[in-house]
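Undergrad: The structure under discussion is supplied below as structure tokens; questions concerning it will follow.
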Amino acid sequence: MKYDPKPIDVSDIELDRSLRELMEKLAENTHEIWAYERKKDGWACGPQRDDKLKLSPCMVPYEDLPESEKKYDRNTAASVIKTLIKLGYQIMPPRGKKESGPNQSGWAGFISRMETLSINEMFKLWKTHDPSVWSDNPERFLAFGKRSLKLGEPLFAYDIFSKGIECFEQMALSGNLDQDQSLIYLGIRQQQALSMAQSGALHQARDSLQKLIGQGYDDGETSGILGRVYKDLYLAEDDPQKQSLHLARCFDIYHDAFQNALKRRQLEDAYYNGINAATISLLMNDVQKSAHIAGTVKDICIEIHEKETSDSFWLSATLGEAFLLLKDVPQATRWYAAAGEKAQKDYRALSSMRKQIRMINAHQKTAHRIDECLNVPTVVVFTGHMIDSPGRTEKRFPCELEENVRKQIREQLEKMNAGIGFASAACGSDIIFLEEMIRRGGEINIFLPFEPQMFIKESVDHATADWKQRFENVLKQAVTVQVLGHYNPGVNHFNYEFTNMCLLGTGRFRAQSLNTDLIGFAVWDPDAKALPGGTTCAVSRFVRQNLAVRIINLPELRGNQDRTVKTAPGDPFPDDTAVKINKATHHLYLPLMFADVRGYSKLSETQLVDFSVSFLKIVSDVINRYGDHIISKRTQGDSLFIVFKNLETAVALAKELNKTVNQTDWATFNLPREMAFRISLDAGPCCSYVESVTNTTEFCGNYVNRAARMEPSTPPGTIYASQTFMALSMANHLTKARFEYAGLIRLPKNHGIIPAYVVR
């Protein structure tokens, strides 16, 4: 029998904002029902659909579905809603709930909920947001992005603001923006520039803000952000002449904003811009002007404080800085101490104040130690032996020593003023250290060499007592948990060694960024063999890096009083260590660089030819200067992938390539002037092999896949590095680059969320 489907025609039905929100909820529930029924029938997640094995790649949460599958569920949900409307039914919001809008309870609820979200929850919400709903209420982009900046994640905020700008540009094409919409659009553009500045893209931020000012938006907000950008440009510049130009421009911007705020009696804006103008005056060696402005700022802040209209951390910090510029050390100490009390464990804020104090001291040529009232604790990188398994014949860390080791760790942490710890989480020394850091209210950061379930099997669950439960407890209380690789029995020793290097490098970076001490701490048996990833290799890295080292000597605790700790445990395994397994060579780690070009997809046919001939020729000239230090290089369209022998070459080439592309006038080659590379550096364990089709050496592995997906998430014209690249560079004392935390990046195609660092 011939069947001719005739569904109800709903093509004339348009869903408003509230119904699109309902549609998204129904779409998610449709998937949940489908997955629930499949799971009852024995289906599981697999790389591709297999009806016989009952596997499907869609057996994942709705948020992890590809957009094509979400679209299918959304179409199903939308058809149901439209059909109900077509049949004459009315769909009303639940009792007590109004349609979400900028001035209604739904919007207030969104803001209220957003203010309580963690950064991970915000990533999840952003991943699942419905662009059509947000485009109807574009205030969401501004509020959501500002919350991300407040949480210290400028790269994530940059992504949000960029999508918001795309939304407004589409709105502008369909008609003029009203006044409220124009103000929101301005706010998004200002905040995007701030996110670029905070993520290290200073020149791009400057150009964006100057474009705004050229369009007539020279308000205090735009000027304040631009002043900050010029201050950061000064701090990042090595050329004295350029430093002077940046400082002069910075002062003019801050001072004008300060004067304008005073005229309008906008005291909060006045003291913020004023204290910056005062400090910049000192850096320009105009001591008299600096003192005059600082005195005015002091009076403003005292007025605000006495009226009790504000008791913020920044008000106290500004008073501290103003009194310091006026050389009133007792009052400066009082107010900085008050700011430190309010900041508590906001180490970033405490460090910022300490840097400002030291910079002012250097220019005033004074030697007082006001910064000592701002307690930033010591950073500790820890390594130690696991507790002995029940069948171990040669005792190293027998279980009866646990409480003694704990007591020794506790005493040492107190002497160090330890507040931030980096360690793995194996049974025995690692977990005891982490527990003691938690007990003293410290921050712990855990690095695992591979997946937690396999790490438990290899390094936690082979001993007696409750180590697995204790492992899970410390993971729950860690500020960060980094899983660096994948379990592979043949090269797990590489994974452990790589983990030790990343612990050391990340700890060193954290200590430098907070201007505090770094100490290497070990529970160690000097007779232990120097195995890759073991405690002896970790201690050797501490010693080789001239780190302050504290040792708890296990032989002494076992009663061998005649033993003394070795000061030279031998050299760690070299970074270029590799081993061949199953026709592939496994490398301890390799530095990788991926780059692509902004705007390539918009080039015309003629420009594509010019790009392939002219642009790539200039790029090739740069790359060829590093030939001996490059293992592999390849291009595809605008994409560039290079594998290096060492970290130094990767940084040097990235810097020269970025500078060359940014300074070339591409209009002379019939290409857009604003062409710029997005460059990302990564490093990690990977494999090399001979590819059968081309008979060339190629590379594969999780880090290769990850590096290829990192650079599309970053602003163009600036170099960004992964945390592992940064950590390895810091662990090897690489002096050719300075790293600054830029924020978390959500990688495409479900490759996770990783920290990124701008490379100076």
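The values are calculated or read from the model by the stated rules, or taken from the named source; none is laboratory data. Just so you know, these numbers come straight off a predicted model, no measurement behind them. Cβ placement follows ideal geometry from the backbone for every residue including glycine, while neighbour counts extend to all protein chains displayed. The accessibility values were calculated without ligands, DNA or RNA, using every heavy atom of the protein model including side chains. Shrake-Rupley method; radii C 1.70, N 1.55, O 1.52, S 1.80 Å.
Undergrad: Working from the alpha-carbon coordinates of the stretch 245-337, get Rg over Rh, Rh being the Kirkwood radius.
TA: With Rg and the Kirkwood Rh in hand, the quotient comes to 0.96.
Undergrad: Now for a different question. How big is Rg to Rh over the stretch 322-367, alpha-carbon atoms, Rh as the Kirkwood inverse-mean-distance radius?
TA: 0.98
Undergrad: Using Cα pairs closer than 8 Å and at least 6 residues apart in sequence, work out the relative contact order for the stretch 294-397, in percent.
TA: It rounds to 20 percent for the stretch 294-397.
Undergrad: Also, I was wondering about something else. If I take R0 = 35 Å and measure r between the Cβ atoms of residue 127 and residue 268 in this structure, what FRET efficiency does the formula 1/(1 + (r/R0)^6) give, to the nearest 0.05?
TA: Between residue 127 and residue 268 the formula returns 0.50.
Undergrad: Shifting gears a bit: What figure in square angstrom, to the nearest 10, would you give for the accessible area of residue 407 with a 1.4 Å probe?
TA: 110 Å²
Undergrad: Hey, for a label at residue 119 modelled as a point 7 Å past Cα toward Cβ, could you say which residues of the stretch 339-369 have their backbone N under 20 Å away?
TA: Hits in the stretch 339-369 for residue 119 at 20 Å: 343-353.
Undergrad: Along the three principal axes, how long is the stretch 147-223 when you take its alpha carbons, biggest first, rounded to the nearest angstrom?
TA: Projected onto its principal axes, the Cα set of the stretch 147-223 covers 34, 23, 18 Å.
Undergrad: Nearest 5 is fine: what % of DSSP beta bridges in the chain come out antiparallel, could you say?
TA: In the chain, approximately 60 percent of DSSP beta bridges are antiparallel ones.
Undergrad: Follow-up. If you roll a 1.4 angstrom probe over the protein chains with everything in place, what fraction of the accessible area of the chain belongs to carbon and sulfur, to the nearest %?
TA: Carbon plus sulfur share of accessible area: 49 percent.
Undergrad: Label-point separation (nm) for residue 668 and residue 372, each offset 7 Å from Cα along Cα-to-Cβ?
TA: 5.9 nm
Undergrad: Out of residues 5 or more away from residue 484 or on other chains, whose amide H comes under 5 Å of its own, with H placed 1.01 Å from N in the peptide plane?
TA: Placed amide hydrogens put 448, 450 under 5 Å from residue 484.
Undergrad: I've got another one for you. Report the percentage of all Cα-Cα pairs in the stretch 112-271 whose separation exceeds 19 Å, rounded to a whole percent.
TA: 60 percent
Undergrad: At 7 Å along the Cα-to-beta-carbon direction for both residue 176 and residue 656, put a label point, then send me their distance in nm to one decimal.
TA: 5.4 nm
Undergrad: Hey, what did the chain get for relative contact order, percent, Cα under 8 Å, at least 6 apart?
TA: Contact order relative to length: 8 percent.
Undergrad: When the Cα centres of the stretch 57-74 and the stretch 340-395 are compared, how far apart do they sit, in Å?
TA: 45 Å
Undergrad: I need to check one value: relative contact order of the stretch 216-375, counting alpha carbon pairs closer than 8 Å and at least 6 residues apart, in percent.
TA: 15 percent
Undergrad: Hey, another quick one. For residue 457, go through the aspartates and glutamates and keep the ones whose alpha-carbon is under 17 Å away, minus same-chain ones fewer than eight residues off.
TA: Once the sequence-local aspartates and glutamates are set aside, what remains near residue 457 is 388, 430, 466, 472.
Undergrad: When averaged across all projection directions, what area in nm² does the alpha-carbon convex hull of the stretch 356-441 cover?
TA: Value for the stretch 356-441: 7.4 nm².
Undergrad: Additional query: Give the accessible surface of the stretch 650-695 per residue, rounded to a whole number of Å², with probe radius 1.4 Å and ligands, DNA and RNA excluded.
TA: Value for the stretch 650-695: 45 Å² per residue.
Undergrad: If each DSSP helix of 4+ residues adds -39,500 (n - 2.57) and the sum is divided by the residues in the chain, what number results at 222 nm, nearest 500 deg cm²/dmol?
TA: After summing the helix terms and dividing by residue count, I get -16500 deg cm²/dmol.
Undergrad: If you don't mind, there's one more thing I want to ask. Run the numbers for residue 248 and residue 90: contour at 0.36 nm per residue of separation, minus the present Cα-Cα distance, in nm.
TA: 50.5 nm
Undergrad: Which value, to two decimals, describes the C-alpha radius of gyration of the stretch 281-431 once divided by 2.2 N^0.38 Å?
TA: 1.56
Undergrad: Take the Cα atoms of the stretch 471-522, build their convex hull, and give its volume per residue in Å³.
TA: In the stretch 471-522, the Cα convex hull volume per residue is 112 Å³.
Undergrad: Ok, one more. Give me the net charge for the shell around residue 247: Cβ to Cβ below 11 angstrom, other residues only, Lys and Arg +1, Asp and Glu -1.
TA: 0
Undergrad: Moving to a separate point now. Provide Rg and Dmax in Å for the stretch 194-238, with only Cα atoms included in the calculation.
TA: Reported Rg and Dmax, both Å: 10.1, 33.
Undergrad: Round to the nearest 10 and report in Å² the accessible area of residue 115, as given by a 1.4 Å probe over the protein chains' heavy atoms.
TA: 80 Å²
Undergrad: I would also like to ask the following. Can you compute the modelled spin-label distance between residue 576 and residue 13, with each label point 7 Å from Cα toward Cβ, in nm?
TA: Between residue 576 and residue 13, the simple spin-label model gives 6.8 nm.
Undergrad: What lysines could a cross-link reach from residue 736, if we take a straight Cα to Cα line under 17 Å and drop same-chain neighbours fewer than 8 places away?
TA: Within the straight-line cut-off, residue 736 pairs with 645, 655, 659.
Undergrad: Here's something else I'd like to know. How about the stretch 264-330: which GluC sites (Glu not before Pro) there are in a DSSP loop, with at most 11 other Cβ atoms within 10 Å of their Cβ?
TA: 308
Undergrad: Starting from the residue with the highest accessible area, list 184, 581 in decreasing order, probe 1.4 Å.
TA: 581, 184
Undergrad: At 37 °C and 0.692 mPa s, what whole-number value in µm²/s does Stokes-Einstein give for the translational diffusion of the stretch 670-748, with Rh from the Kirkwood sum over Cα pairs?
TA: This corresponds to a translational diffusion coefficient of 224 µm²/s.
Undergrad: Note the per residue figure in Å³ for the convex hull of the C-alpha positions in the chain.
TA: So the per-residue hull volume is 237 Å³.
Undergrad: Largest first, how would 72, 234 line up by accessible area (1.4 Å probe)?
TA: The ranking, largest first, comes out as 72, 234.
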